[in-house]
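To start, the structure itself, in structure tokens.
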Amino acid sequence: MIVNNAGTNSALSVQTLIDMRNQLVDLQRQLGTGKKATSYAGLGLDRGLTVGLRAHLSAMAGYSQTISEVGVRLDLAGTALSQLDSIGRDAKSTVMKSQFALGSGNQTLDQRTAYLQFDQMLSVLNTSTGGRHLFAGRNVDQPAVATADHIMNGEGTRAGLKQIIAERRLADLGTSGLGRLAVSAPSTTSVQLDEDASPFGFKLSGAVSGLTGSTVSGPAGSPASLSVDLGPTNPAPGETVRFTFAMPDGTSQDLTLTATNSATPAANEFTIGVISDVTAANLQTALTQALGRLAATSLTAASAVAAAGNFFNTDASNPPQRVDGPPFDSATGLVDGTAANTVSWYTGESGADGARTTAIARVDQSLTLSYGVRANEEGLRMAVQSIAVFAATTFSATDPNAEASYISLKQRVTAQLEGLPGKQKITDIEGDIAAVHNALQTAESRHLQTKGTLAQLLQDVEGAPTEEVAAKILALQTNLQATLQTTAMLLRTNLLEYI
Amino acid sequence: MSLSQALSISLSGLRATQAGLSLVAGNVANAQTPGYVRKTLGQETSVAGGIGGGVRIAAINRVIDEFLQRQLRVESSGGSYTELRANFYQRLQQVYGQPGSDSAFETVFNNFTNAVQSLTTSPESGAARSIVLTSGQVLAQYLNGMTADIQALRGDAEKGIADAVENANSAMQAIATINAQIAHAPPGDAATAMLKDQRDLYVDQLASLMDIRVVTGDRGEYNVFTNSGVQLVGSQAAQLSFEPQGTVTPATLWSADPSQSNVGTLKLVAGNGSTIDLIASKTIRSGQIAAYIEMRDEILVEAQNQLDAMAAAMAQALSSETTTGTATSVGLQAGYEIDTAGLLSGNAIHLTYTDNQTNQQRRITIMRVDDPGALPLDNTATLDPNDEVIGIDFSGGLAAVASELNARFNGAVLFDNPGGTTLRVLDDGPAGRSDIGALSMTRTVTGLAEGGNALAFFTDATSPYSGYFTSTGSQSMGFAGRISVNAALLGDPSKLVKFNTGTASGDPQRPEFIYQQLTGTPFNFAPNSGMGTAASPYTADLTTFMRQVLSLQGEAAANADSLSQGQGVVVNALKQRLADESGVNVDQEMAYLISLQTAYGANARVMAVVRDLIDTLLRM
């Protein structure tokens, strides 16, 4: 049953009044909230634009937050890297000027200083902010590197650096202490050096003989061998034969033996005998002694450096390398160390992809910056490794070759801390991080400008400007008052009043 | 001419004035009654024996312009149609929230994408992970709420139709009753005029409910027809019937096939017993009933489809994984094979091959269908317009599937199942009728750490969303009402980052994937959401689709509002003109009253004079 309302006729004339009143209420709402409409219908043709603008503004708020968060991380990382760089340079100058003066623990004072610097470096590498370790690659909730003590001395059944160095030393020196070379005389006038089939010890690079009438053959064969045949003639005094060896740490070392007439030859000299047979025998003797000395000095240092490389140069597909033994002095190869028997110095995440991609920051719709660092990146690793090997080695006061060995070690460590051309340095990593920081700040200032423009655009479309609304309200008020008065006048005017 | 004649003439004058007075009284009393038409007295000279004298009341006339009335009926049914439509659209706009407010749909979605972006910056942070899950839950619950609101609107429309049908029935019945009374009443009678007023009122009520046309019969009865020619009222009234559905859900849709329709349909039971389905025959095109029907079956259903499409795209964006087949060959036949383990109902295997006989590349989508009632599938089952869709029931095992496919392809392409869950597709070898281009499979990931980036972030209540088809429709129907965040993920937030055993806690790969899918990757959207067509579907990323939906709905609501306002102006203008003409003007009645008063006095004076003259005669 539909019920119609009475007063329809007069209602027609007050319909305009009701409409105006509703308009007034809506304008008041606009004035109060500053927004033109409460639903998408009222926004007009640009309503789709406002949705897009709001999405953009909200995304930019997210980017700004990312920028500030990542900015903190980059600041810390940059500080840590420059600290590491300065420790490295301090260590280099210490090592370079170091004198051989053994103190307690069979180490020099500089070596003990180096251990402290090593410890400091490791704690800087474990920098974390907000529970996030900055140098651990993707494994941000774990420390990047193990402690100095564990690395040096091992942990339980797991071998540390010192043990690795000791094992490698035995392997490189060999049972005879000649650096895995065998000296023999294949004929009465010749001397032969034989490598053995292992990656340890001296490796023959070549020999240059200035001795008259002598011939050098080799290195040839596998395992290589090299021989110097004096021939029937004796060499003249002062003539030299120079052997070149490849060392386990990749460097090469020369050994020069000089012929002399003296019956008591000095080190690295051999007496010319009556016939070349005797000379050859003297040469063999001198060579054996010289090799022994060289092994005790340069080879020991090179072995320590190589062992450090075996221990530190690891990643996901390359575990630390151990000497296969015991027995170590006759070991024939290297084996992979396992997590159970070798300390892993780097406890972060290592993978095949670039270290920077391990942490990303999205700062714009299509701009993602990569700022991850792994502590086992080459620049960082070399610094840590070099200081570690200097701090790990010990020398005996009674060893006549100790000083020469120390000097050889010093030279090698200094060269490594210097950095080789074409290899990554800590300053390279610092540069990468600084570049990202720059890009971050550029993005932030860009966002600031864009935010202002977009907010203005949004306000233009959906905002209700106060002046315009106030003017409309005033105009409407005037109209409303006029209409109310005239309507009242009209409704009152009828014939009944005058009859 | 005699004195007694003069007496009787002035008596008739008195009677006429009295009738006029009662008419004025009636007009003035009913001045504010809705639908009242001003009545005037039709006087004429009474003729007796060819000689005129006296006054006779010929008829009580209703002052009404029939043309205006007809026009007003047409426009007012349009007016109630547009007003109701605008009303519903305004309520639908509230579903999407106030633009820019914290509770708007777009704000909730933006919050979710921002939370994911924060997660890419700090994947290891427990706070960032839980914020992603919380905002995902808020988004899913918002979609659920919007679905409930839209279906509530549909339920209101359903109830509205029921109410309108009841009102229409009572109005039609009343019209038929008055028709009968008017047919038997003498024309020109005051009572007849009042009945006609009442009948017009009922016709106006009916006009606001549906568009009608009135044809006056020769005995003054109204024959009411719909604008499409179906008779509603004649000597008898037809009956409209409507059985409303109690609960309205996204799955309860109207269908022309009564066995498939889950909501009420409007039927007209004619006097002779035949029924016409008024919705199927689109008989009612204006008025409230048409507005309710349009809302219930078209506009609100489309709004629901838009939400469902958005929810489906969100779920599949994060949980779809595509693997490509490996090349293989058997003898001289070359092709590809693929492991179909994990293929759910609704997932598909995509095959591209070149038919060498027509030199055309053909794309085939082989979709797994678990409900045999849904087969055969139409090519529109996938949103790709350039593929052919083959729905296959996988319940008989992969070998049965292969043989069914072989039967279809007739040797041009050969399928077989070499073992386990591997499907192998080979060309026909030396005959060279076809060359296999590519084979790939898109499946829905149901776990959280299956080794790839995809994860089942959103689920359909407790089961995965794979877009399957059943005999009643697609899984996407009403999905916006069921979408929720995977409960397993809520229990283990670390799976937002750890996509495999051994994934580092700071690995941004999976959060990056989620962010990219939500904001950058474009998807195809079904044409039933009102955008695009089957031949060229609408392609956009989620944010753009949402923007388009809000834009379209806002535009439609604004249009409906302005249409309603425009129509309101027209209706008001016509009502004003009708009121001017047929409404009671109190001034006019008062003036007429004065002249009636004078006439009465004059007639009485004549009678008094005649009485005096007769007295004079009698005293003679």
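In table form, for the structure just shown:
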item: Mean ellipticity per residue at 222 nm, deg cm²/dmol - from DSSP H runs of n ≥ 4 across chain A, formula -39500 (n - 2.57); result: -17000 deg cm²/dmol
item: Peptide-level mean, for B:85-98, of C-beta atoms on other protein chains within 10 Å; result: 2
item: Pairwise label distance in nanometres, B:T275 with B:V47, each label 7 Å out on the Cα-Cβ vector; result: 5.8
item: Sorted largest first, extent of chain A alpha carbons per principal axis (Å); result: 169, 49, 45
item: Cα→Cβ-extended label distance, 7 Å offset, between B:Q236 and A:R112, nm; result: 12.2
item: Segment B:272-420: mean projected area of Cα convex hull, nm²; result: 14.9
item: Label-point separation, B:A535 to B:R70 (7 Å along Cα→Cβ), nm; result: 4.3
item: Mean Cα-pair separation over length for chain A, i.e. relative contact order, pairs under 8 Å, 6 or more apart, %; result: 22
item: Partner chain coverage, peptide B:499-507 - average Cβ within 10 angstrom; result: 5
item: 10 Å Cβ neighbours from other chains, averaged over peptide B:27-39; result: 2
item: Net charge, A:G348 excluded, C-beta distance under 13 Å - Lys, Arg +1, Asp, Glu -1; result: -2
item: Contour excess over end-to-end distance, with Cα ends at A:D315 and A:T453 and 0.36 nm allotted per residue; result: 44.8 nm
item: Filter on B:K159/B:K575; A:K35/A:K472; A:K451/B:K498; A:K92/A:K425; A:K97/A:K425; A:K162/A:K410 - keep pairs with C-alpha separation over 25 Å; result: B:K159/B:K575; A:K451/B:K498
item: Spatial separation of Cα centroids for segment A:261-321 and segment B:157-183, in angstrom; result: 120
item: In Å, descending, principal axis extents of the Cα set of the protein assembly as shown; result: 210, 75, 47
item: Hz values of 3J(HN,Hα) by residue in segment B:604-612 - Karplus curve (6.51, -1.76, 1.60), Gly and Pro given as x; result: 5, 4, 4, 4, 4, 4, 4, 4, 4
item: Taking A:I407, B:I338, B:I594 and counting other C-beta atoms within 10 Å, the order from fewest to most; result: B:I594, A:I407, B:I338
item: Expected 222 nm ellipticity per residue - DSSP helices of 4 or more, -39500 (n - 2.57), all of chain B, to 500; result: -16000 deg cm²/dmol
item: Debye equation applied to the C-alpha atoms of segment A:182-307, log10 I(q)/I(0) at 0.13, 0.15, 0.16, 0.22 Å⁻¹; result: -0.49, -0.65, -0.73, -1.27
item: Neighbour-count order for B:V610, A:V228, fewest beta carbons within 10 angstrom listed first; result: B:V610, A:V228
item: Per-residue Cβ neighbour rank within 10 angstrom, fewest leading, A:Y40, B:Y89; result: B:Y89, A:Y40
item: Considering only the protein assembly as shown, percent of DSSP beta bridges that pair antiparallel, nearest 5; result: 90
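Taken together, the values in this text are just the output of simple stated rules run on the coordinates, not laboratory data. These figures come from a predicted structure and were not determined experimentally. Neighbour counts are summed over all protein chains in view; Cβ atoms, including those assigned to glycine, are modelled from backbone coordinates with ideal geometry.
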